[in-house]
Structure formats: structure tokens, C-alpha cells
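Each reported figure results from applying straightforward, stated rules to the coordinates on display, with no laboratory input. It should be emphasised that the depicted structure is a prediction, and the values quoted were computed from it without experimental measurement. Heads up, the Cβs are rebuilt from the backbone with ideal geometry, glycines too, and the neighbour counts pull from every protein chain shown.
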Amino acid sequence: MTTSKRGRPRLTDRRRSGATPEEEILDAAAELFAANGFARTSTRAIAEAVGVRQASLYHHFATKDDILDSLLVRTVDTPLRLAHWLSASEHPAAQRLWAMAWFDAHQLLASKWNLGVLLQLPETRDPKFAQFFGKRSALRAAYVELARDVGGDLHARLPFHFVEAAIQLRVEEARWVADVGPAAVACGIADSVLRTVGYVGDVGGVRAGGAALLTEFENQ
């Protein structure tokens, strides 16, 4: 739970990116959670990374769990909004699935910190994060529906998990991802998703249509 209280003056000049103190705290926490794990990261360490007193952090987030919850939700909120938008679109199913897979993979690959690894933290299995997992389940269901529209039921559950492979790619193939570029890697994942569900048409044409869909979504 975030709060609206005003924090105490900071100890140092601004150290983190973010337009608000909450954004700065989330930026620091994302880096520390991804590098050190949730259990080994204290609120004191987060506060020090931001350059504020520990007490000031609690003016914005009541608990460390609330910080993690906010970060987890960020990994699915925009993809889920895109999924709902695509489900209402009348564009070809292959273009919609490609757009979904590219967007989701790209945000996992290109975000400042590898927030996807937070999904692998054992602490995230706690029922207190039920809201996040409810949203993640809704996103997975949206992938299944998009995949069914392209290739039926047989492999409809695979695309969601193909896209989440971007998390491990970023860990184990970091140099390759940097050299090739997140956009190109996301393109490869999205192309593979289409082939996996049985699409046999021209992928190049689907890419162009999917990219146009994403431009439309981002400009709405």
C-alpha cells in the first residue's frame, strides 16, 4: 500500500531516476531485489540507495511487501491493457498475436532492471500477492485466446511461456541480447510464437501489421 504522506527531507541530492519519491524508491528496489533477492534486501538498503532516511521510505510504502507488489504489477499492467485492446480489435488474428508477443517480450528485455526475475522469487508465491497473480493469470488467458484464434487449441498455452523465456535470456544471454538489441530479439520470439501455434503464412507481412497495431495502441 502506498501512502500520500509527505516524506522528510532527503539526506543527499537526487540519486535515482523517477519523477516522484515513489518512483525513485521503486527504481532502487528493482535493482536491489533483482541483484540480491527480496529477503536479503532491507528497507534500509533501499533508503540508502535512494538517499533518504529509512523513516521517509515508510511515508510512501507501508512495507517492503508493498514495494515488491508495486514492481510485480508493473510487469503485467500494460501488457494486460494491450491484450484487452487487441481482443476487441478486428485485425487479423496473427497480427494481434504477434503484436502481443513482441510488446511483452520487448518490455521484459528492455526495461532498465530485469523485473521479470522477480517472478522467480520464492516470496512472490505468498497469498499477499494474489492481486498480481490474478492479473498474470488474466494475461495468460488472453494469450491463450489470441493463440486459439490463430492455430486452435493444440499449442495455445505455449506463447505465454515462450515470451517469458525473455526473462532467462536476459540473465544467461545478456551480451547477445545487448549486441542484437531487445527489439530484434523480441521480433524473433514473436515470430517463433506464430510458428509454434501453426501459422504457415508470410511472417513478414504479419510483422508489418503487428507493428502498425502497436503504433495505434501507443497513440491512443
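Before moving on, here are some points about what is shown:
- Order of Leu57, Leu119, Leu139 under a 10 Å beta carbon neighbour criterion, fewest first: Leu119, Leu139, Leu57
- Listed residues Asp77, Asp179, Asp66, most fluctuating in the chain (Gaussian network, C-alpha, under 10 Å): Asp179
- Over the chain, DSSP H runs of length four or greater, each weighted -39,500 (n - 2.57), average out per residue to a 222 nm ellipticity of -21000 deg cm²/dmol.
- Exposure rule at most 10 other beta-carbon atoms within 10 Å, DSSP loop trypsin sites (Lys or Arg not before Pro): the chain longest free segment: 113-220
- Between 0 and 90°, nearest 10: helix 203-219 axis offset from the chain longest Cα axis: 40 degrees
- Excluding exposed DSSP-loop GluC sites (Glu not before Pro) (at most 14 other C-beta within 10 Å), longest clean stretch of the chain: 1-89
- Cα-derived Rg over Rh, computed across the chain with Rh taken as Kirkwood radius: 1.02
- Where only C-alpha atoms are counted, convex hull volume of segment 139-220 per residue in Å³: 110 Å³
- Shape of segment 161-201, Cα gyration tensor, a/c cut at 1.5: oblate
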